[in-house]
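Chemist: I am attaching a structure below and will ask some questions about it afterwards.
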Amino acid sequence: MVTIFQTSSMTLYASRSRKSRKQKQLERRHEREHLSRNRNTLSFPSSSPTPLLINYKPQTLTKLQALDNVVKDLEYSIGKGIKIDTQIFSSLLETCYQLNAIDHGIRIHHLTPTNLLRKNPGIASKLLRLYASCGLMDEAHKLFDEMAKRNESAFAWNSVIAGYAELGLYEDAIALYFQMEEEGVEPDQFTFPRVLKACGGLGLIQVGEAVHRDLVRLGFASNGYALNALVDMYAKCGDIVKARRIFDKIPCKVSVSWNSMLTGYIRHGLRVEALQTFRMMLQDGIELDSVAISSILANVSSPQLGFQIHGWIVRRGMEWDLSITNSLILMYSSYGKLDRARWLFEHMPERDVVSWNSIISAHCRDPEVLSYFERMEKDVALPDNITFVSILSACAHLGLVKDGEKLFALMRKKYRIEPIMEHYACMVNLYGRAGLISEAYAIITDKMEFDAGPTVWGALLYACYLHTNVDIAEIAAQTLFELEPDNEHNFELLMKIYGDAGRLEDVERVKTMMIDRGL
């Protein structure tokens, strides 16, 4: 049970300004009326004229309901001009963080005096931690920029860095770490795992090595959290030898240590080492959770290894864990084992949007994909961005132009999903593969609300290759040469288009262009 206040009751003290006897009597009457409306959640001590005593009953209220009642009373008290102790705000923000109650946190933010947020780094830090943990990074960073004395502790910095890292905004997380260094704020044991996660996410091993040196310099070389993060970072950045060296130095290996090493081996296709590590984990009594197993399945390098892991999952009685089953469906479909993927999907005791996305993606070249989408619409899981990328991609490969058009319109009108780059790339691919090159080109020039990226122009260039459309191919290729100057594939595709059109001089010209660029 999360404790909303440190004591069973808490008093909100009124300001001690002088008031007339008549004013006090009116206030007491109003408080009694308020008490009668809230007798299930509040009680007021008769011995004190102005305090507000909060006493919630856990046996009749959920944690969120209790929090909601407290916030309502706080709103009422402030509305009556009652001065609130700063500890109240701090305690409530801590509760909001524990309960992930962002809506209540926003209400408390609106009630907190602006000058208090500026002067009290403790309250500001807790509020920005709440925003960052819930992914509201604009609000978190705005608070961070306005904080006084933010350089006295790494707490606020860690919260913002963690928020960026969790959202995959790794560049922002690393940039903030270096800003932290420039402003003379010393990182602590909680800083390094988050920054190293960002380094691993971007594959920036040189930056990761610099952070590693900072970690050693500040005395965290034997910290378990830091060592686990280093193993994960080096494995993701491709230095599996260094990852293993650090892994061997960890005195008390926990599941995170083993999982990082195992997924590192699997990601690099080192099947023998992966199996050896997997067996060592079992011998060491390490229990893999569903997140770890799903990560392992996502990086399986061969169907044989996948079968062995599936067998272990069945023996452990974890086959029908939702995230594990979703990962098994994706694994089997990636190796063309559609019958196994279908069997798992049909026997799932429960499904979520990831389950539907997985089975739809598995049928990207099978006409049955439309029936799965229709079934999904009847299910409780609503289609999302990924669903429509998968179904539109399937329509493109299957030549289902009319169906693709209907689905694209459905996405916007019924589900209120605004198209992103991948959706437009699917539509260009849909028209392009069907030979409707002008329609595909019109998507880019007339329909997109933002500039097309390499995936969209690449789909158009490939369509021009399929149907030998030189004029539009030249436009697409020229744009791609600017967007991806080092991508050899674009040059080779244009040469094939020129070759198919019998324009051999242009083939030589593109070859010369490649040589000049060092490709």
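The values are calculated or read from the model by the stated rules, or taken from the named source; none is laboratory data. No experiment lies behind these values; they were computed from the predicted model shown. Glycine gets a Cβ as well: all are built from the backbone with ideal geometry, and neighbour counts include every protein chain shown. Side chains are part of the model used for accessible areas, which takes the heavy atoms of the whole protein and leaves out ligands, DNA and RNA. Shrake-Rupley method; radii C 1.70, N 1.55, O 1.52, S 1.80 Å.
Chemist: Inspect all residues belonging to region 133-151 and state whether any of them is within 22 Å of VAL256 (Cβ to Cβ) and at pLDDT below 90. Even if it seems obvious, please write down each step before you answer.
Modeler: Let us first name the residues in region 133-151 that are within 22 Å of VAL256 (Cβ to Cβ), namely 133.
If we keep only those that are at pLDDT below 90 too, we end up with 133.
Checked region 133-151: at least one residue is within 22 Å of VAL256 (Cβ to Cβ) and at pLDDT below 90.
Chemist: Would region 419-440 turn up any residue that is open to solvent by 70 Å² or more (accessible area, probe 1.4 Å), in contact (Cβ under 8 Å) with a residue 24 or more places away in the chain, within 28 Å of SER323 (Cα to Cα) and in a helix (DSSP H, G or I)?
Modeler: yes
Chemist: In region 371-388, what residues are open to solvent by less than 40 Å² (accessible area, probe 1.4 Å) and in a helix (DSSP H, G or I)?
Modeler: Matches in region 371-388: TYR372, PHE373, MET376, THR387, PHE388.
Chemist: Follow-up question, since we're still on this one. Could we say that GLN59 is farther than 26 Å from LYS119 by Cα, modelled with pLDDT under 85 and either open to solvent by 70 Å² or more (accessible area, probe 1.4 Å) or part of a helix (DSSP H, G or I) (or both) here?
Modeler: On the way: farther than 26 Å from LYS119 by Cα: yes; modelled with pLDDT under 85: yes; either open to solvent by 70 Å² or more (accessible area, probe 1.4 Å) or part of a helix (DSSP H, G or I) (or both): yes.
Against the criterion (farther than 26 Å from LYS119 by Cα, modelled with pLDDT under 85 and either open to solvent by 70 Å² or more (accessible area, probe 1.4 Å) or part of a helix (DSSP H, G or I) (or both)), GLN59 qualifies.
Chemist: Based on this model, can you work out whether ARG365 counts as over 22 Å from the mean Cα position of the chain (by Cα), charged (D, E, K, R), closer than 25 Å to ALA409 by Cβ and part of a loop (DSSP other than H, G, I, E, B)? Give the steps one after another, and end with the answer.
Modeler: Numbers: over 22 Å from the mean Cα position of the chain (by Cα): yes; charged (D, E, K, R): yes; closer than 25 Å to ALA409 by Cβ: yes; part of a loop (DSSP other than H, G, I, E, B): yes.
Judged against the criteria, ARG365 is a match.
Chemist: Here's something else I'd like to know. Need the failing condition index for GLY317 against (1) of a type outside the set (A, V, I, L, M, F, W, C); (2) in a helix (DSSP H, G or I); (3) open to solvent by less than 70 Å² (accessible area, probe 1.4 Å); (4) out of contact with any Ser or Thr (no Cβ under 7 Å at 6 or more places or on another chain), just the number.
Modeler: Answer for GLY317: the failing condition is (2).
Chemist: Which residue, of GLU482, GLU449, is surrounded by fewer than 21 Cβ atoms within 10 Å (Cβ to Cβ), part of a helix (DSSP H, G or I) and of a type outside the set (S, T, N, Q)?
Modeler: On the way: GLU449 fails: part of a helix (DSSP H, G or I).
Only one candidate qualifies: GLU482.
Chemist: I'd like the full set of residues that are more than 15 Å from ARG433 (Cα to Cα) and open to solvent by 70 Å² or more (accessible area, probe 1.4 Å), limited to region 461-474.
Modeler: ASP471
Chemist: Also, quick follow-up: Which residues, taken from region 287-314, are over 18 Å from PHE247 (Cβ atoms), open to solvent by less than 40 Å² (accessible area, probe 1.4 Å), assigned to a helix (DSSP H, G or I) and not small (Gly, Ala, Ser)?
Modeler: Going residue by residue through region 287-314, those that are over 18 Å from PHE247 (Cβ atoms) are 287, 289-291, 293-294, 297-298, 300-314.
Subsequent filtering for residues that are open to solvent by less than 40 Å² (accessible area, probe 1.4 Å) retains 290, 293-294, 297, 300, 302-303, 305-306, 309-313.
Retained after the next criterion (residues that are assigned to a helix (DSSP H, G or I)): 290, 293-294, 297, 303, 305-306, 309-313.
ILE293, LEU297, PRO303, LEU305, ILE309, HIS310, TRP312, ILE313, listed by residue number.
Chemist: Consider ARG342 against the criteria (1) basic (Lys, Arg); (2) in contact with a His (Cβ under 6 Å, 6 or more places away or on another chain); (3) over 30 Å from ALA477 (Cβ atoms): it satisfies all of them except one. Which criterion is unmet?
Modeler: Exception for ARG342: condition (2).
Chemist: Can I ask one more? Of the residues in region 241-286, how many are part of a helix (DSSP H, G or I), more than 25 Å from TRP312 (Cα to Cα) and either in contact with a Gly (Cβ under 9 Å, 6 or more places away or on another chain) or charged (D, E, K, R) (or both)? Working first, answer last.
Modeler: So the first thing to find is which residues in region 241-286 are part of a helix (DSSP H, G or I), and the list is 241-249, 255-267, 271-283.
From the residues that got through so far, the ones that are more than 25 Å from TRP312 (Cα to Cα) too are 241-243, 245-246, 248-249.
Next, only the ones that are either in contact with a Gly (Cβ under 9 Å, 6 or more places away or on another chain) or charged (D, E, K, R) (or both) stay: 242-243, 245, 248-249.
Count: 5.
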